[in-house]
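J.: Provided herewith is a single structure, encoded as structure tokens, for subsequent inquiry.
Taken together, the values in this text are just the output of simple stated rules run on the coordinates, not laboratory data. None of these values were measured; they are calculated from a predicted model. Glycine gets a Cβ as well: all are built from the backbone with ideal geometry, and neighbour counts include every protein chain shown.
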Amino acid sequence: MQEAWTMPFAFCTREKVPWCEFAESAEDGPTTKFLQKVAARHNMVIISPILERDEVHGDTIWNTAVVISNTGNVIGKTRKNHIPRVGDFNESTYYMESLLGHPVFETVFGKIAVNICYGRHHPQNWMAYGINGAEIVFNPSATVGGLSEPLWAIEARNAAIANSYYTCAINRVGTEVFPNEFTSGDGRPPHKDFGHFYGSSYVAAPDGSRTPALSRTRDGLLVAEIDLNLCRQVKDKWGFRINWKEPWILALIIFHMFNLFLVIRLRNRPAFQISHFLSLLFLVACAEKLNEIAARNWSLFSKEQYFDSNGMFISIVLAMPLCLCSLFII
């Protein structure tokens, strides 16, 4: 189902009332209870994107997707990781970015994840779900033609190829008109609707193939048969694993750790200031680059990735002169 399927997509209006009245508990709200019965009756896993009211934490509002198992149990939930602030879409009036990370849910039909709407514009978002083991990633959305339609057929399909899993791009259909005019961040005159939600939902496979899209003007149901073995086969064929390609970064890390060791051991000697200064200097120098490398490669954090042995050797070789220089200074 599409993003916030139980309500009009009113997050352009900034009025909050009455639209926040649609918010409900993710675990035991009326929508979840209804879909639990449907899931158990039809032996299906259901992903239900709703506006969540977190009553346990001060009635905080979230853009949430609830995952319900084929037995009717709530497996878990995930929340929108990226909040748009473009054109009519200024949703931060209603809710914040998720703090739940990139969870993957084990189901009888495979390992699934949910990358809600605007998250599809962020490649690292897709990648994180793949690293966490997802085999199918759903992208429930509510987006209009003037904003993103040229990107729609490309992004989820590209994510399927790059991450060797299936993607399901789901979009709302139709035009929703609101009672009061609202303004946009792009300077348009006040208006009462977003424009046309263009539907066009589809499923993409890790080998680049995809289903035909549903209608851009009418509601529809897309039934697709998928083979999860293809995820592994594509991984084995293309080998999109990323090795460690920046040995000098690892060399700086080794050098920094060595300096920290010296700081601890020599804290009562005059050379403490020099060693401490060098340690902090190199930490600051490589911090931004380290963040960039980690975000791009992720091989630091994934059990499926690995350090290239040659890169590790080169890193150690590069670090040795730096460490010797520190000893000489001391």
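J.: In whole angstrom, note down how far apart the Cα centers of the stretch 185-239 and the stretch 117-173 are.
T.: 7 Å
J.: For the stretch 62-183, what does the relative contact order come out to in percent, with C-alpha contacts under 8 Å and a separation of six or more?
T.: 19 percent
J.: May I ask you to derive the relative contact order of the stretch 136-206, considering only C-alpha pairs under 8 Å and at least 6 residues apart, and to give it as an integer percent?
T.: 41 percent
J.: Which net charge results for the neighbourhood of residue 24, defined as the other residues with beta-carbon distances under 14 angstrom from its beta-carbon, given Lys and Arg at +1 and Asp and Glu at -1?
T.: Counting the neighbours of residue 24, the net charge comes to -4.
J.: Shifting gears a bit: Hey, could you pull the Cα Rg and Dmax for the stretch 67-147, both in Å?
T.: 13.6, 41
J.: Given 20 °C and 1.002 mPa s, compute D for the stretch 19-238 with the Stokes-Einstein relation, Rh being the Kirkwood radius over Cα pairs; round to the nearest whole µm²/s.
T.: Reported coefficient: 118 µm²/s.
J.: Please compute the net charge surrounding residue 209, taking Lys and Arg as +1 and Asp and Glu as -1 over other residues with Cβ under 13 Å from its Cβ.
T.: Charge balance near residue 209 sits at -1.
J.: Here's a follow-up. Where does each of 69-75, 153-159 land if you order them by average Cβ count within 10 Å, highest first?
T.: 153-159, 69-75
J.: Relative contact order, percent, of the stretch 19-238 when contacts are C-alpha pairs under 8 Å separated by at least 6 residues?
T.: Relative contact order for the stretch 19-238 comes out at 13 percent.
J.: Sticking with this one: Quick one: which of 187-193, 122-128, 96-102, 234-240 comes out on top by average Cβ neighbours within 10 Å, and what's the full order, highest first?
T.: 122-128, 96-102, 234-240, 187-193
J.: Would you pull out the residues with amide H under 5 Å of residue 143's amide H, same chain only if 5 or more places away, H placed 1.01 Å from N?
T.: 172, 198
J.: Could you please report the charge total around residue 178, scoring K, R as +1 and D, E as -1 over all other residues with beta-carbon less than 10 angstrom from its beta-carbon?
T.: Around residue 178, the surrounding residues sum to -3.
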